[in-house]
Amino acid sequence: MDDIMTLEEVAAYLKLKPQTIYTWAQDGKIPAAKLGKEWRFRKSVIDRWFNRHIDGKFAEYLEA
């Protein structure tokens, strides 16, 4: 289950502050599951989410 990441690990992975990831998780802006009081993230899902987010914003630059 090394594909499962904590909030702090996701923040470090995306080079963001943990509070940003927490807020996004609370607001449903990033795919996450709340287990008890703790947020957990699947790395493969975060990777897909990130790629879709980036690809959508910069599609015109990726087509060249």
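Rule-based calculations on the coordinates, nothing more; no lab input. Please read all numbers here as calculations on a predicted model, not as lab measurements. Cβ coordinates were reconstructed from backbone atoms using ideal geometry, including for glycine residues, and neighbour counts include every protein chain displayed.
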Notebook entry, point to check: What tally of residues in the range 3-36 results from selecting those that are of a type outside the set (A, V, I, L, M, F, W, C) and in contact (Cβ under 8 Å) with a residue 40 or more places away in the chain?
Noted result: 1
Checklist line | Answer residue from the range 1-42, given it is part of a helix (DSSP H, G or I) and among the hydrophobic types (A, V, I, L, M, F, W, C) and is surrounded by the most Cβ atoms within 10 Å (Cβ to Cβ) among those | finding: ILE21
